[in-house]
Each structure stands twice: as structure tokens, then as C-alpha cells.
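One structure is given below, encoded as C-alpha cells.
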Amino acid sequence: KVGRKTYHFYDTEMDEGSEDKFALFQQLHQAVISQQFALYYQPIVDLRSGKTVVVEALLRWPQSDGSMISPDEFIPLAESSGVITELGRWVINEACLFCAALRKSTAPELKVAVNLSVVQFADGKLQQTVESALDNANLPANALELELTESQLLDDKDQIQSQLKSLDELGVSVAIDDFGTGYSNLGYLRHFNARKLKIDRSFVSALTTDADNEEIVKAIITMADSLGLEIVAEGIEDEATLSKLITLGCHAGQGYYWSKPVPGSELSL
Ligand code: C2E
Ligand code: MG
Ligand code: MG
């Protein structure tokens with residue numbers, strides 16, 4: 001397997017799939033250069049007020065036949081080839097501009113969440129990228145959240161830690177994505193200045209059918225609460241799950257119950 005932090009996209013480890021991969025890489029690279037990507041947005045709703053407080057930016061790769069390649073298919077390749085740095089810069093810029101425009105028109109308090117790959121920390125320029133995106137959009141730092149998956153944070157602690165600290169000092173906040181799928185060690189989250197936990201969809205979707213699972217979610221919420229972390233449940237699809245989460249004291253939610261990710265122009269806030 002080509003590791004996340006290796007930048008060679010073509011080496012001896014590659015097997016039969018490598019020609020396909022190489023072709024896909026070339027398309028990906030070309031798409032980054034010619035800015036063929038799109039950002040969709042999904043609301044994150046405060047469960048107390050029912051209001052959308054954050055929108056999460058989610059990458060899409062539109063194809064000429066009208067279909068869409070999902071990020072799960074191309075992000076790993078963008079990471080292993082290093083293209084993610086350039087692509088990620090575009091995402092941060094675009095998301096900041098979008099959020100700033102909405103704050104001027106309909107949602108003055110809105111924040112935007114951007115997913116990051118740990119590879120984006122490798123060149124040490126992330127903070128610069130973030131600052132210039134905020135500047136360019138005239139967006140306050142506290143309107144930007146950066147999401148990092150729990151499993152990625154297990155890899156590369158030291159290098160990321162100091163950069164996250166300076167981002168935090170800037171006012172940008174960090175959320176742990178897909179929480180529950182890694183080691184779920186809440187203690188280490190402090191080292192990353194995380195302010196928010198997003199409980200992975202797999203726990204949320206089993207909430208109304210599996211009693212053990214409910215205990216796990218309850219425990220996560222209790223621990224996060226005592227550490228002063230904000231909790232978001234991902235993947236809420238129905239009323240029953242929503243009311244269970246409200247009962248358990250969850251703060252915010254995201255999922256098809258409210259909206260799928262949609263193009264910015266179709267977002268209703
Ligand atoms: P994520 O950050 O955990 O995003 C949530 C994913 O769950 C999204 O998938 C979203 O469409 C999906 N989802 C939301 N609500 C529901 C629901 O109620 N039910 C179900 N079944 N699914 C729901 P998507 O858009 O395919 O993105 C997949 C992953 O790709 C993201 O997971 C994130 O890790 C990654 N990703 C997306 N955009 C970017 C990006 O700009 N940069 C990086 N590095 N990764 C990205
Ligand atoms: Mg996310
Ligand atoms: Mg997630």
C-alpha cells in the first residue's frame with residue numbers, strides 16, 4: 001500500500017492496478033490544474049435551536065458524462081500523489097469565499113468546515129494557506145473549522161501538533177472527524193487543540209437498533225462533555241435517531257434527515 005506521506009505515485013510496489021491508477025492520477029492532476037472540482041455543502045444543525053450553524057464543504061469531481069466521482073475514490077490517490085496539497089488549498093479558498101458571501105447575505109453567524117488530510121501538514125505551509133484564504137475572503141478566523149479524522153491523527157503527532165496549535169491561536173478551530181473509529185482516546189485530543197468531536201456515522205446509524213451501541217454513544221458524549229468539547233453526530237437520517245441523540249445530550253447533528261450535501265446555490269438555511 002502506498003502510504004499517505006509518500007509522494008511518489010509510481011513505484012515498484014504498484015501492482016496490476018497501477019496503469020489504471022496512473023491514468024486516474026493524470027486525470028486528477030489535470031482536473032486540479034483546470035479547477036474542475038466542485039464543492040457541495042451539508043448543514044450542521046444545532047439541536048437546541050434547530051438552526052444551521054456550520055456548513056461542511058465536501059469535494060466532488062464532476063465527470064463529462066454528468067456523473068460525480070466521490071471523494072472516497074479520489075482522495076486516497078490525491079494523498080499518495082501529493083496532489084491533495086494543491087487541491088486542498090483550492091478547497092480552503094473556495095469554502096472561505098462561500099461562507100463569507102453567505103455571512104453577508106442570509107447567515108451572518110455561519111461557519112464553514114473543511115476536511116483536511118494530514119498530508120497537507122507536510123510542507124509546513126498550511127497556516128499560510130489558511131491565513132491567505134481568510135484574508136482573501138475577508139472571513140474571520142473563527143468562522144473556519146478544520147476537520148481531521150481520528151485515524152489520521154494517530155500517525156504523525158509531533159509535526160501536526162505544533163501547526164494545529166498555531167492555527168488554534170489564530171482562531172481557527174479543529175474538529176475530530178469520524179470519532180470512534182480509531183483509538184477513541186479522548187486524552188490525546190487535547191494535544192491537538194480539538195474543540196469538537198464528530199461521532200462517526202456507524203455509531204449514529206445503529207443508535208436505535210443496538211443497545212450496546214447506545215452505551216458507547218452515551219459514553220462518548222459524557223466524556224466529551226466533561227472535557228468541554230462540542231459534539232456533533234454524523235449521519236442522522238431519521239426522527240427516531242434525532243430524538244435519541246437529543247435525549248443523550250448531543251449538541252449538534254448532520255445528516256440526510258436535514259439535507260444531503262448540495263451545491264452551494266441549493267443550500268437553504
Ligand atoms: P466526512 O468528512 O466524514 O463527511 C461526511 C460524509 O458522510 C459525506 O460523504 C456525506 O455525504 C456523508 N453523509 C452525511 N450525512 C449522511 C447520512 O445521513 N447518511 C449517509 N449514509 N451518509 C451521510 P462524502 O461527501 O462522500 O465524503 C466522504 C469523505 O471524503 C468525507 O467524510 C471526508 O473524509 C472526505 N472528504 C470530502 N471532502 C474532502 C476534502 O475537501 N478534503 C479531504 N481531505 N477529504 C474530503
Ligand atoms: Mg468531515
Ligand atoms: Mg465523518
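The values are calculated or read from the model by the stated rules, or taken from the named source; none is laboratory data. Keep in mind the model is a prediction, meaning the values are calculated, not measured. Cβ: placed from backbone, ideal geometry, glycine included. Neighbour counts: every protein chain shown. Calculation scope for accessible area: heavy atoms of the full protein, side chains included, ligands and nucleic acids excluded. Shrake-Rupley method; radii C 1.70, N 1.55, O 1.52, S 1.80 Å.
Results for (1) within 15 Å of ligand 2 (Cβ to nearest atom); (2) charged (D, E, K, R), shown as yes or no for each residue.
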residue: 160; (1), (2): no, no
residue: 177; (1), (2): yes, yes
residue: 185; (1), (2): no, no
residue: 189; (1), (2): no, no
residue: 193; (1), (2): no, no
residue: 197; (1), (2): yes, no
residue: 208; (1), (2): no, no
residue: 219; (1), (2): no, no
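Kindly indicate whether any position in segment 163-186 is open to solvent by 60 Å² or more (accessible area, probe 1.4 Å), without any contact (Cβ under 8 Å) to a residue 60 or more places away in the chain and aromatic (Phe, Trp, Tyr). Steps first, please.
Start the filter on segment 163-186 by keeping residues that are open to solvent by 60 Å² or more (accessible area, probe 1.4 Å), which leaves 165, 169, 181, 183, 185.
From the residues that got through so far, the ones that are without any contact (Cβ under 8 Å) to a residue 60 or more places away in the chain too are 165, 169, 181, 183, 185.
Right, trim to aromatic (Phe, Trp, Tyr) and you get 183.
Yes, the conditions are met somewhere in segment 163-186.
Of everything in segment 76-90 that is within 30 Å of residue 107 (Cα to Cα) and either of a type outside the set (A, V, I, L, M) or within 16 Å of ligand 3 (Cβ to nearest atom) (or both), the residue that is most open to solvent (accessible area, probe 1.4 Å) is 86.
Looking across segment 26-81 at every residue that is away from ligand 2 (no atom under 16 Å from the Cβ) and part of a strand (DSSP E or B), the one that is nearest to residue 263 (Cα to Cα) is identified as 38.
The residue list 72, 65 contains one member that is over 20 Å from the mean Cα position of the chain (by Cα), at pLDDT 90 or above and either charged (D, E, K, R) or buried (at least 21 other Cβ atoms within 10 Å of the Cβ) (or both), which is 65.
If you go through segment 128-163, how many residues are more than 18 Å from the chain's Cα centre (by Cα) and modelled with pLDDT of 95 or more? Qualifying residue count, segment 128-163: 9. For segment 231-250, the tally of residues that are crowded, with 17+ Cβ neighbours inside 10 Å and either on the phi > 0 side of the Ramachandran plot or within 16 Å of ligand 2 (Cβ to nearest atom) (or both) stands at 6.
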